[in-house]
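Undergrad: First the structure, which I've put down as C-alpha coordinates, then a few questions once you've had a look.
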Amino acid sequence: MQLIGSTTSPYVRRIRLFMDNYPHEFIALNIYSPEGRDALRKYTPVMKVPVLTDDDKTLLDSRVIHKYLANKLNHAQMSWDQENLLTMIDAVNDSCITLFMLTRSGISTEGELLIADLQKERIANTINLLEAAAASGSFDEWHYPSICLYCLLDWVSFRELLSLEETPALAAFLQSHKHETLIKNTDPRL
(Lines give C-alpha, C1' and ligand atoms only; values in the text may rest on other atoms or scores of the structure.)
Protein backbone atom coordinates (compact mmCIF):
# COMPACT_ATOMS: atom_id res chain seq x y z
CA MET A 1 0.00 0.00 0.00
CA GLN A 2 1.31 3.44 -0.93
CA LEU A 3 0.13 6.84 0.24
CA ILE A 4 1.16 9.65 -2.09
CA GLY A 5 1.08 13.24 -0.91
CA SER A 6 2.89 16.24 0.42
CA THR A 7 4.14 16.66 3.96
CA THR A 8 2.37 20.00 4.34
CA SER A 9 -1.16 19.01 3.22
CA PRO A 10 -3.66 18.73 6.09
CA TYR A 11 -5.62 16.21 4.00
CA VAL A 12 -2.57 14.00 3.56
CA ARG A 13 -1.60 14.34 7.20
CA ARG A 14 -4.99 13.12 8.40
CA ILE A 15 -4.59 9.91 6.40
CA ARG A 16 -1.00 9.50 7.63
CA LEU A 17 -2.26 9.74 11.22
CA PHE A 18 -5.15 7.38 10.54
CA MET A 19 -2.81 4.82 8.92
CA ASP A 20 -0.19 5.02 11.67
CA ASN A 21 -0.40 1.38 12.76
CA TYR A 22 -0.95 -0.01 9.29
CA PRO A 23 2.03 -0.90 7.07
CA HIS A 24 2.38 1.38 4.07
CA GLU A 25 4.89 3.42 2.15
CA PHE A 26 4.58 7.20 2.21
CA ILE A 27 5.72 8.89 -0.99
CA ALA A 28 6.28 12.58 -0.27
CA LEU A 29 6.09 14.91 -3.26
CA ASN A 30 6.63 18.63 -3.65
CA ILE A 31 3.43 19.04 -5.65
CA TYR A 32 4.34 22.59 -6.73
CA SER A 33 7.67 21.74 -8.34
CA PRO A 34 7.79 20.62 -12.00
CA GLU A 35 9.21 17.24 -10.92
CA GLY A 36 6.55 16.83 -8.27
CA ARG A 37 3.78 17.69 -10.75
CA ASP A 38 5.15 15.11 -13.20
CA ALA A 39 5.28 12.46 -10.48
CA LEU A 40 1.75 13.32 -9.28
CA ARG A 41 0.42 13.07 -12.83
CA LYS A 42 1.46 9.39 -12.84
CA TYR A 43 -0.83 8.69 -9.87
CA THR A 44 -3.87 10.87 -10.46
CA PRO A 45 -5.51 12.80 -13.29
CA VAL A 46 -7.05 15.28 -10.83
CA MET A 47 -3.59 16.42 -9.64
CA LYS A 48 -4.59 16.53 -5.96
CA VAL A 49 -3.29 14.74 -2.90
CA PRO A 50 -3.67 12.40 -1.12
CA VAL A 51 -3.73 9.35 -3.35
CA LEU A 52 -3.73 5.79 -2.01
CA THR A 53 -2.72 2.79 -4.07
CA ASP A 54 -3.50 -0.70 -2.82
CA ASP A 55 -2.83 -3.55 -5.21
CA ASP A 56 -4.97 -2.75 -8.26
CA LYS A 57 -6.93 0.08 -6.58
CA THR A 58 -6.15 3.77 -6.78
CA LEU A 59 -8.18 5.95 -4.44
CA LEU A 60 -8.44 9.71 -4.73
CA ASP A 61 -9.49 12.15 -1.99
CA SER A 62 -9.01 11.81 1.75
CA ARG A 63 -12.68 11.06 2.42
CA VAL A 64 -12.73 8.19 -0.07
CA ILE A 65 -9.41 6.90 1.23
CA HIS A 66 -10.66 7.00 4.82
CA LYS A 67 -13.85 5.15 3.93
CA TYR A 68 -11.84 2.49 2.08
CA LEU A 69 -9.36 2.07 4.93
CA ALA A 70 -12.04 2.05 7.62
CA ASN A 71 -13.78 -0.76 5.74
CA LYS A 72 -10.54 -2.67 5.10
CA LEU A 73 -9.37 -2.30 8.71
CA ASN A 74 -12.80 -3.12 10.17
CA HIS A 75 -13.29 0.26 11.86
CA ALA A 76 -16.78 1.35 12.81
CA GLN A 77 -18.52 3.65 10.38
CA MET A 78 -18.76 7.28 11.40
CA SER A 79 -22.07 8.43 12.82
CA TRP A 80 -24.11 11.03 10.95
CA ASP A 81 -23.06 13.61 13.55
CA GLN A 82 -19.42 12.75 12.91
CA GLU A 83 -20.00 12.96 9.14
CA ASN A 84 -21.43 16.47 9.64
CA LEU A 85 -18.48 17.47 11.81
CA LEU A 86 -16.14 16.24 9.09
CA THR A 87 -18.06 18.24 6.48
CA MET A 88 -17.63 21.37 8.60
CA ILE A 89 -13.92 20.69 9.10
CA ASP A 90 -13.49 20.16 5.36
CA ALA A 91 -15.38 23.38 4.59
CA VAL A 92 -13.02 25.42 6.78
CA ASN A 93 -10.03 23.54 5.39
CA ASP A 94 -11.05 24.15 1.77
CA SER A 95 -11.75 27.83 2.41
CA CYS A 96 -8.44 28.36 4.18
CA ILE A 97 -6.59 26.61 1.36
CA THR A 98 -8.36 28.81 -1.20
CA LEU A 99 -7.33 31.95 0.69
CA PHE A 100 -3.77 30.63 1.06
CA MET A 101 -3.53 29.85 -2.66
CA LEU A 102 -4.92 33.26 -3.64
CA THR A 103 -2.31 34.98 -1.47
CA ARG A 104 0.44 32.69 -2.71
CA SER A 105 -0.61 33.61 -6.26
CA GLY A 106 -0.17 37.30 -5.51
CA ILE A 107 -3.89 38.08 -5.25
CA SER A 108 -4.85 40.17 -2.25
CA THR A 109 -7.68 38.74 -0.18
CA GLU A 110 -8.35 42.12 1.43
CA GLY A 111 -10.99 44.51 0.17
CA GLU A 112 -13.94 43.44 -1.94
CA LEU A 113 -13.14 40.19 -3.68
CA LEU A 114 -16.13 37.87 -3.95
CA ILE A 115 -14.20 34.59 -3.76
CA ALA A 116 -12.24 35.72 -0.70
CA ASP A 117 -15.32 37.19 1.00
CA LEU A 118 -17.26 33.94 0.55
CA GLN A 119 -14.40 31.92 2.04
CA LYS A 120 -14.07 34.25 5.02
CA GLU A 121 -17.81 34.07 5.66
CA ARG A 122 -17.75 30.26 5.54
CA ILE A 123 -14.79 30.14 7.92
CA ALA A 124 -16.37 32.57 10.41
CA ASN A 125 -19.70 30.73 10.47
CA THR A 126 -18.24 27.25 10.65
CA ILE A 127 -15.40 27.81 13.10
CA ASN A 128 -17.97 28.91 15.68
CA LEU A 129 -19.88 25.66 15.21
CA LEU A 130 -16.65 23.67 15.58
CA GLU A 131 -15.85 25.65 18.74
CA ALA A 132 -19.25 24.72 20.19
CA ALA A 133 -18.74 21.07 19.22
CA ALA A 134 -15.31 21.01 20.87
CA ALA A 135 -16.68 22.68 24.00
CA SER A 136 -19.47 20.08 24.22
CA GLY A 137 -17.02 17.16 24.01
CA SER A 138 -17.51 16.05 20.40
CA PHE A 139 -13.74 15.74 19.95
CA ASP A 140 -12.83 14.28 23.36
CA GLU A 141 -12.29 10.84 21.81
CA TRP A 142 -9.41 10.50 19.30
CA HIS A 143 -11.39 9.37 16.24
CA TYR A 144 -11.20 10.34 12.58
CA PRO A 145 -13.05 13.68 12.94
CA SER A 146 -10.69 14.54 15.83
CA ILE A 147 -7.69 13.69 13.68
CA CYS A 148 -9.07 15.89 10.89
CA LEU A 149 -9.77 18.76 13.28
CA TYR A 150 -6.25 18.56 14.66
CA CYS A 151 -4.75 18.61 11.16
CA LEU A 152 -6.87 21.63 10.21
CA LEU A 153 -6.03 23.61 13.35
CA ASP A 154 -2.34 22.85 13.20
CA TRP A 155 -2.21 23.71 9.48
CA VAL A 156 -3.94 27.09 9.91
CA SER A 157 -1.56 27.80 12.77
CA PHE A 158 1.44 26.75 10.66
CA ARG A 159 0.31 28.94 7.75
CA GLU A 160 -0.76 31.77 10.10
CA LEU A 161 -4.22 31.88 8.54
CA LEU A 162 -6.49 31.81 11.55
CA SER A 163 -6.15 32.91 15.16
CA LEU A 164 -7.62 30.63 17.80
CA GLU A 165 -7.72 33.36 20.45
CA GLU A 166 -11.51 33.61 20.29
CA THR A 167 -12.03 29.83 20.20
CA PRO A 168 -10.65 28.56 23.52
CA ALA A 169 -12.03 25.01 23.19
CA LEU A 170 -10.35 24.61 19.79
CA ALA A 171 -7.11 26.12 21.11
CA ALA A 172 -7.17 23.73 24.09
CA PHE A 173 -7.86 20.77 21.79
CA LEU A 174 -4.88 21.69 19.60
CA GLN A 175 -2.61 22.13 22.60
CA SER A 176 -3.70 18.85 24.22
CA HIS A 177 -2.39 16.75 21.31
CA LYS A 178 0.62 18.79 20.21
CA HIS A 179 3.25 16.74 22.03
CA GLU A 180 2.18 13.23 20.97
CA THR A 181 4.90 11.34 19.09
CA LEU A 182 2.86 10.69 15.95
CA ILE A 183 1.78 14.33 15.80
CA LYS A 184 5.41 15.41 16.05
CA ASN A 185 6.47 12.89 13.37
CA THR A 186 3.98 14.32 10.86
CA ASP A 187 4.54 18.00 11.67
CA PRO A 188 4.42 20.02 8.41
CA ARG A 189 7.12 22.33 9.74
CA LEU A 190 9.75 19.59 9.49
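Undergrad: So, R14, is that one out of contact with any helix residue (DSSP H, G or I) (no Cβ under 6 Å at 6 or more places or on another chain) and basic (K, R) or not? Can you show your working first?
TA: Working: out of contact with any helix residue (DSSP H, G or I) (no Cβ under 6 Å at 6 or more places or on another chain): no; basic (K, R): yes.
No: the conditions fail for R14.
Undergrad: What pairs come out if I take residues in segment 106-124 that are modelled with pLDDT of 95 or more and pair them with residues that are open to solvent by 60 Å² or more (accessible area, probe 1.4 Å) whose C-beta lies under 7 Å away, six or more apart or interchain?
TA: Close Cβ pairs satisfying both conditions: T109/T103.
The rows are residues; the columns are (1) within 30 Å of N71 (Cα to Cα); (2) of a type outside the set (V, I, T).
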site: E121; (1), (2): no, yes
site: I127; (1), (2): yes, no
site: H143; (1), (2): yes, yes
site: L149; (1), (2): yes, yes
site: D154; (1), (2): yes, yes
site: S157; (1), (2): no, yes
site: A172; (1), (2): no, yes
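Undergrad: What residue, of S176, S138, is of a type in the set (S, T, Y), assigned to a loop (DSSP other than H, G, I, E, B) and open to solvent by less than 90 Å² (accessible area, probe 1.4 Å)? If you could, list the steps in order and put the result at the bottom.
TA: Working: S176 fails: assigned to a loop (DSSP other than H, G, I, E, B).
Result of the check over S176, S138: S138.
Undergrad: So how many residues does segment 12-26 have that are surrounded by 13 or more Cβ atoms within 10 Å (Cβ to Cβ) and either without any contact (Cβ under 8 Å) to a residue 60 or more places away in the chain or closer than 12 Å to L52 by Cα (or both)?
TA: Adding up the residues that qualify gives 6.
Undergrad: Give the residue, chosen from C96, C148, that is in contact with a Phe, Trp or Tyr (Cβ under 8 Å, 6 or more places away or on another chain), in contact (Cβ under 8 Å) with a residue 24 or more places away in the chain and either assigned to a helix (DSSP H, G or I) or open to solvent by 10 Å² or more (accessible area, probe 1.4 Å) (or both). Reasoning before the result, please.
TA: Details: C148 fails: in contact with a Phe, Trp or Tyr (Cβ under 8 Å, 6 or more places away or on another chain).
Result of the check over C96, C148: C96.
Undergrad: Shifting gears a bit: Which one of these is more than 15 Å from the chain's Cα centre (by Cα), crowded, with 19+ Cβ neighbours inside 10 Å and not in a loop (DSSP other than H, G, I, E, B): A124, A171, A133? Talk me through it step by step, then tell me what you get.
TA: Details: A124 fails: crowded, with 19+ Cβ neighbours inside 10 Å; A171 fails: crowded, with 19+ Cβ neighbours inside 10 Å.
Checking each option against the conditions leaves just A133.
Undergrad: Oh, and also: Before we move on, is T103 under 23 Å from E160 (Cα atoms) and in a helix (DSSP H, G or I)? Steps first, please.
TA: On the way: under 23 Å from E160 (Cα atoms): yes; in a helix (DSSP H, G or I): yes.
Taking the combined requirement at face value, the residue satisfies it.
Undergrad: Could you list, in sequence order, the residues of segment 158-185 that are in contact with a Phe, Trp or Tyr (Cβ under 7 Å, 6 or more places away or on another chain) and closer than 16 Å to T126 by Cα?
TA: Result: L161, single match.
Undergrad: Another question, if that's okay. Are any residues in segment 38-93 open to solvent by less than 60 Å² (accessible area, probe 1.4 Å) and more than 24 Å from W155 (Cβ to Cβ), and if so, which ones?
TA: T53, D54, L73, S79, listed by residue number.
The values are calculated or read from the model by the stated rules, or taken from the named source; none is laboratory data. The structure presented is a predicted model; accordingly, all values stated were derived computationally and were not measured. We place every Cβ from the backbone using ideal geometry, glycine too, and count neighbours over all the protein chains shown. Side chains included, ligands, DNA and RNA excluded: accessible areas come from the protein's heavy atoms. Shrake-Rupley method; radii C 1.70, N 1.55, O 1.52, S 1.80 Å.
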